[in-house]
């Protein structure tokens, strides 16, 4: 399972209120833009070997980019949604490496936000 698929599974399992759809790598062309739903796109944001010693590495860190497009409707608690996402990932030993500010899409008028979350896997003993 890739880190992107692991993140999607974690997010889907968390059952966060207000998230309607999650996608990995890209949003399919078959999905028409819908400003009445909140969509999350999870993509790979790179990886690195860590914890070097004895001519080898002993940990591996993968990072994802998680983009949220909020439904363009009244009554969404953006802070609650974002905190629920953070708590879901940190409860599973992921670390938030960056959280951007919300911006408005000039075409759809939807608020969006981007965060970067990483997970380090210890390989010692493997």
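Among the residues of the stretch 89-117, those identified as out of contact with any helix residue (DSSP H, G or I) (no Cβ under 9 Å at 6 or more places or on another chain), more than 16 Å from residue 79 (Cα to Cα) and in contact (Cβ under 8 Å) with a residue 24 or more places away in the chain are 93, 97, 105, 108, 109, 116.
The single condition from (1) touching a residue at least 24 places away in the same chain (Cβ under 8 Å); (2) farther than 20 Å from residue 6 by Cα; (3) in contact with a strand residue (DSSP E or B) (Cβ under 8 Å, 6 or more places away or on another chain) that residue 60 fails is (2).
In the stretch 40-91, the residue that is modelled with the highest pLDDT out of those that are part of a loop (DSSP other than H, G, I, E, B) and loosely packed, with under 13 Cβ neighbours inside 10 Å is 91.
The values are calculated or read from the model by the stated rules, or taken from the named source; none is laboratory data. Just so we're clear, the structure is a prediction, and the values are computed from it rather than from any experiment. As a convention, Cβ positions derive from the backbone with ideal geometry for all residues, glycine included, and neighbour counts pool all protein chains shown.
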